[in-house]
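Peer 1: Can you read through this structure? Questions will come right after.
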Amino acid sequence: TEQKLVAEQKLAAEQKLATEQKLVAEQKLAAEQKLAAEQKLAAEQNENKNEDEKNNHLEHKIAGEQKHDDEKNNDQKHHSYLKSHSRQDEKIQHEIEQHATQHIVQSQSHLSRPSFPPSSTGKTKNKTKT
């Protein structure tokens, strides 16, 4: 009976040890699964962060390119505006010069003509008769 009692105690101890080992193994497996899930989540968050940074960089680059394009377009519009007004100024200047030239020519032709034609004085008629 003492052997039986020792055998029962040994069996109970072995069962207890097996149960404890099983519990430790389950806890270890749960901890490993939790760690793997946390690592996976961290990797996904890091990937999302990298993707966000990449998108932000691209958005910033696109915005910079758009700003550059807008500035270039504005410069081109301004250049066209100035060129157009320069042409208008040249045209006006040319018209002013033509008008001034016409005025000078008219003034000179008036100055070169005598105020009184020689025939109106009668002196020329008298001289030709004599």
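Peer 1: Inside the stretch 84-129, can you point out the residues that are modelled with pLDDT of 85 or more and either of a type in the set (D, E, K, R) or more than 60 Å from the chain's Cα centre (by Cα) (or both)?
Peer 2: Listed by number, the residues that qualify are ARG87, ASP89, GLU90, LYS91, GLU95, GLU97.
Peer 1: Can you confirm whether GLU47 is modelled with pLDDT under 95 and open to solvent by 90 Å² or more (accessible area, probe 1.4 Å)? Reasoning before the result, please.
Peer 2: Working: modelled with pLDDT under 95: no; open to solvent by 90 Å² or more (accessible area, probe 1.4 Å): yes.
Judged against the criteria, GLU47 is not a match.
The values are calculated or read from the model by the stated rules, or taken from the named source; none is laboratory data. It should be emphasised that the depicted structure is a prediction, and the values quoted were computed from it without experimental measurement. Accessible surface areas use protein heavy atoms only, side chains included; no ligands, DNA or RNA. Shrake-Rupley method; radii C 1.70, N 1.55, O 1.52, S 1.80 Å.
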